[in-house]
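Input: a single structure, listed below in structure tokens.
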Amino acid sequence: MSLDVPTALLERAERGEVDDAAFVDCVRNSLPYAWQVVSEVAMGVRDGGAPFADNTIPPPSETERGQLLRAMASDAIRGGLERHFGVKLAFQNCHRVAAFAPYMVGGPEYQAFISPRDQLLNQSPELRNC
């Protein structure tokens, strides 16, 4: 299961009354490792003034890897994180998450990061099973 949804939030969703803040709070509580990684790369962009920042450190265990994969594979979760942090997220392999300033989308760094070439260049034997 991707998210640990509190009963009150589930009831609100059943009535159609879910706002981004409640959803993102559920993500933060359910996927703490993914939240930490995304927070750090987003901070590098937002507070550090960099056009993009990325995480290259593999997760410490399969539990954390699973959290990151669930967050990045879900359009709703990824979109909620992007709106919350004000960045565009990109993902390679099982751990390399990057945050881009919105104005960078379509630019050369973003296009390179999401390209098949960069995906291939970011491979290594230790990442083949992730």
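The values are calculated or read from the model by the stated rules, or taken from the named source; none is laboratory data. The structure presented is a predicted model; accordingly, all values stated were derived computationally and were not measured. Don't worry about glycine lacking a Cβ; one is built from the backbone with ideal geometry, like all the others, and counts go over all protein chains shown. Heads up: the accessible areas ignore ligands, DNA and RNA and are worked out on the full protein's heavy atoms, side chains in. Shrake-Rupley method; radii C 1.70, N 1.55, O 1.52, S 1.80 Å.
Summary table below
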{"read-out": "Accessible area of the chain belonging to carbon and sulfur atoms, whole % at 1.4 Å probe", "value": "54"}
{"read-out": "Residue-level accessible surface for residue 83, protein heavy atoms, 1.4 Å, Å²", "value": "140"}
{"read-out": "Using θ = phi - 60° and Karplus 6.51 cos²θ - 1.76 cosθ + 1.60, couplings along region 62-78 (whole Hz; Gly, Pro as x)", "value": "5, 4, 5, 4, x, 4, 5, 4, 5, 5, 7, 7, 8, 4, 5, 5, 4"}
{"read-out": "Derived scalar couplings ³J(HN,Hα) [region 81-97; Karplus, 6.51 cos²θ - 1.76 cosθ + 1.60; whole Hz; x for Gly, Pro]", "value": "5, 4, 5, 4, 8, x, 9, 9, 9, 9, 9, 10, 6, 10, 8, 7, 9"}
{"read-out": "Whole-number accessible area per residue in Å² for region 24-107, which is evaluated in the context of all protein chains at 1.4 Å", "value": "44"}
{"read-out": "Crossing angle, helix 20-30 versus the chain [Cα axis fit, 0-90 degrees, rounded to tens]", "value": "70"}
{"read-out": "Electrostatic dipole magnitude of the chain [Cβ: Lys, Arg +1; Asp, Glu -1; Cα centre; debye, to 20]", "value": "300"}
{"read-out": "Residue order for 77, 57, 114 - accessible surface, 1.4 angstrom probe, largest first", "value": "57, 114, 77"}
{"read-out": "Area accessible to solvent at residue 75, 1.4 Å probe radius, in Å²", "value": "140"}
